[in-house]
Amino acid sequence: MGRKRIELTDEVESLVDKYMTMNGDKMDLNELTNKALKYYVINHLSPNEIKEAIKQKDIKRSKYVDDILSSSYRDFGGY
């Protein structure tokens, strides 16, 4: 996927800085942004909308949609 430019609000930037300081090199900003967006979007779409979006993007990936849905909750189990 192509690169997107985002601008963090001051509040979000402070939270990200604190998180990155606490977690060191475990995750870079791109990985954190992708995980956070995935978590947010999956929790605001229905399972059918998620399947449709993945199917439209890549037919091969659509067969893994159940894994994506279940792993999204495991990824953020402590959230």
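The values are calculated or read from the model by the stated rules, or taken from the named source; none is laboratory data. Worth saying up front: this structure is predicted, and the values here are computed from it rather than measured. A quick note on method: Cβ atoms are made from the backbone with ideal geometry, for glycine too, and the neighbour counts reach across all protein chains shown.
Hey, does the stretch 40-53 have a residue that's more than 24 Å from Gly2 (Cα to Cα), modelled with pLDDT under 75 and not in a helix (DSSP H, G or I)? The answer is no, given that none of the residues of the stretch 40-53 is more than 24 Å from Gly2 (Cα to Cα), modelled with pLDDT under 75 and not in a helix (DSSP H, G or I).
Within the stretch 1-33, being of a type in the set (S, T, N, Q), surrounded by fewer than 13 Cβ atoms within 10 Å (Cβ to Cβ) and part of a helix (DSSP H, G or I) holds for Ser14, Thr21, Asn23, Asn30. Look at (1) touching a helix residue (DSSP H, G or I) at 6+ places or on another chain (Cβ under 7 Å); (2) at pLDDT 80 or above and you find that Asn34 fails only one, number (1).
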